[in-house]
There are 2 protein chains.
Amino acid sequence: MLRKLLAFKLLNSRNHDFIIKLREILGFYPSDLSLYQIALTHKSASYTLKGERVNNERLEFLGDAILDAVISDFLYKKYPNEREGFLTEMRSKIVNGEKLKELAVKIKIEDFVNQKTNLPYTSSRIFEDAFEALIGAIYLDKGYKKVYKFINKKIIVKHLDFPKLELINHNYKSQLIEWSQKTKSQIEFNSFSDGDSLNNFTSQVIINDTIIGLGKGNSKKEAEQNAAQEALITIREFEY
Amino acid sequence: MLRKLLAFKLLNSRNHDFIIKLREILGFYPSDLSLYQIALTHKSASYTLKGERVNNERLEFLGDAILDAVISDFLYKKYPNEREGFLTEMRSKIVNGEKLKELAVKIKIEDFVNQKTNLPYTSSRIFEDAFEALIGAIYLDKGYKKVYKFINKKIIVKHLDFPKLELINHNYKSQLIEWSQKTKSQIEFNSFSDGDSLNNFTSQVIINDTIIGLGKGNSKKEAEQNAAQEALITIREFEY
C-alpha cells in the first residue's frame, strides 16, 4: 500500500516537472498530457498504452501537414503580391529537414525527447520528427487556432528571419523537386559522364518519358542544376 | 445614368446566379464573394483587381496545404490503430492529381471554372487546381472549422469509398516518391538497358549519391518497381 502510494507520488511529481517544462515551451498548460508524452517519444523508445505500442510516428504524420497549412496561410497573408512560385519556394525554405531540426533545438525540445538509439543517421531526424509530432499534439489537444498561434508566436516571430530567407540562393533542382511534390508529378534525373573533355557531365530531367530539361557541366551536380533550370523554363512555358 | 443602372443590375443578377450556384456546391452562402471568383479563375483567364492581375494560383497554393491537413486529421482519427506508413499511403491515394480532378467533376465545378485555353495538357490540371483553390477560398472566407466540415460532408462522406481505397494495389515507386516528399529527401531513379537478354533493364534508386535500391526487369517500369521495393526495405531497415 505504502509502495503504491509512493509510486503514485513519484509519478505525479514526474508529471509535474513535465507539465512545467511543457508550459515553458508551449506558452500554455497542456490539457491531454498523454498526447505530448507520445509526441516526444521516438520510435526507439516506444511504449505500451492501452494495449498498443505507441511512439510519435502517427503524430508526426499529422503535425507535418498542420505545420504546412499554417506556414502556407502565414506566407499567403505576409506576401499578398507575390506569386505562387515565390510562396512555394519560401515554404520549402522553412519546412525542410534542416530548418525543422534547427527550430526544434531553438525551442529546446532536444533533451526532452525520449529515444533509445545512438544511430547517427537516425538521430538527425529525431528532433525534426518530435517537433512535427509536437505540432500534431497541440493541434489535437487545443485545436487549429491555438496551434496557429503557437507557431506564429513561438516559431515565426521568434526564430524566422524573413529578409534572410528571401535572399537564400536559388537551387533549381530543389525548386524542381518542390514543384514535383506540389503537382504530384514524377520527375527523374538521369545523369551520365560522356568522356574526359570539359563539361563532360550531362543530365536529363524526365517527366512521363519526355526530356524536359537537358544540362551539361563539369560535375554531376552542375549538370543537374543546368538541366533543372531548363526544365523549370519548359514547365513555365508549357504550364505543365 | 440609365446605362450605369442597367450595368449595375446586370452585375447584380450575374452575382445572384453565381451565389446560388456556389450555395449548391458549398452548402452555405459565401461571405467574401471575390475569393470564390478568384478561386474559379484559371491563369489563362486572369483579370485585374485593385491594380493586380489575379487568378487562382495563390489560392491553390494555400488550398493544397489545407486539404492535406484536413485529410491527414481525418485519416488519423478514422484509423486509430494504423501506423504512419498506412496513413501516408491512404493520403496519397486521396490527394493526388487524378483523384482531385475526379472530385472536382463530382462536386460539379467543371463548367464553373473561368479559363481561356484549349491546351490539352493544361486543361487536365485546371479542375484539380480550381478544386484546391476553392478549398483555399473557403478557408479564408469561413475559417478552418468550416472548411473541415465542407471537406468532410461534401467530399469524404459523399465521394470517398474507403474500403475500396484501402484495396488499391501497392505501387512501390509511388510509395517511395511519397516518402521522399514527406521527408523532403531527394531521390533519383537511374535506369538503363544492359543488352538483349531477359531482365535486360536495370534501375537504381539513389539518395545522397548512395544506391539504396537496385532492381532488374523486362521493362524500365518493372525494373523501377523492383528497385523501389528494395529501396523501401532499405529505408525501413535503416530508418532513414
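Checking each residue in region A:203-230 for being in contact (Cβ under 8 Å) with a residue 12 or more places away in the chain and part of a helix (DSSP H, G or I) picks out A:Lys220, A:Glu222, A:Ala223, A:Glu224, A:Gln225, A:Asn226, A:Ala227, A:Ala228, A:Gln229, A:Glu230.
Yes/no matrix, rows are residues, columns are (1) within 11 Å of chain A (Cβ to nearest Cβ); (2) part of a helix (DSSP H, G or I):
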{"position": "B:His16", "(1), (2)": "no, yes"}
{"position": "B:Gly63", "(1), (2)": "yes, yes"}
{"position": "B:Ser72", "(1), (2)": "yes, yes"}
{"position": "B:Pro80", "(1), (2)": "yes, no"}
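Among the conditions (1) modelled with pLDDT of 90 or more; (2) within 11 Å of chain B (Cβ to nearest Cβ), A:Ser92 misses just one, which is (1). Look at (1) more than 29 Å from B:Tyr144 (Cβ to Cβ); (2) within 8 Å of another protein chain (Cβ to nearest Cβ); (3) surrounded by fewer than 18 Cβ atoms within 10 Å (Cβ to Cβ) and you find that A:Gly97 fails only one, number (1). Within region B:45-58, the residues that satisfy the criterion of being surrounded by 16 or more Cβ atoms within 10 Å (Cβ to Cβ) and at the interface with chain A (Cβ under 8 Å from one of its Cβ atoms) are B:Glu57, B:Arg58. Kindly check whether there is at least one residue in region B:141-148 that is away from chain A (no Cβ under 14 Å), surrounded by 13 or more Cβ atoms within 10 Å (Cβ to Cβ) and hydrophobic (A, V, I, L, M, F, W, C). For region B:141-148, residues away from chain A (no Cβ under 14 Å), surrounded by 13 or more Cβ atoms within 10 Å (Cβ to Cβ) and hydrophobic (A, V, I, L, M, F, W, C): absent.
Of all residues in region A:226-240, those being within 13 Å of chain B (Cβ to nearest Cβ) and at pLDDT 85 or above number 2. Scanning region A:71-85 for residues that are without any contact (Cβ under 8 Å) to a residue 12 or more places away in the chain and surrounded by fewer than 13 Cβ atoms within 10 Å (Cβ to Cβ) yields A:Lys77, A:Pro80, A:Asn81. A:Ser191 - would you say it is within 9 Å of another protein chain (Cβ to nearest Cβ), of a type outside the set (Lys, Arg) and within 30 Å of the chain's Cα centre (by Cα)? Answer is yes for this residue.
Could you please let me know if A:Phe131 is within 14 Å of another protein chain (Cβ to nearest Cβ) and either within 17 Å of the chain's Cα centre (by Cα) or farther than 24 Å from A:Ile19 by Cα (or both)? Yes: the conditions hold for A:Phe131. Selection within region B:199-219: residues that are within 13 Å of another protein chain (Cβ to nearest Cβ) and surrounded by fewer than 18 Cβ atoms within 10 Å (Cβ to Cβ). The member of this set that is modelled with the highest pLDDT is B:Thr210. Considering only residues in region B:108-140 that are crowded, with 17+ Cβ neighbours inside 10 Å, over 15 Å from B:Ile71 (Cβ atoms) and β-branched (Val, Ile, Thr), the one that is modelled with the lowest pLDDT turns out to be B:Thr122.
The values are calculated or read from the model by the stated rules, or taken from the named source; none is laboratory data. Because the structure is predicted, anything quoted here is derived from the model rather than measured. All Cβ positions, even for glycine, are placed from backbone atoms using ideal geometry, and neighbour counts span all protein chains on display.
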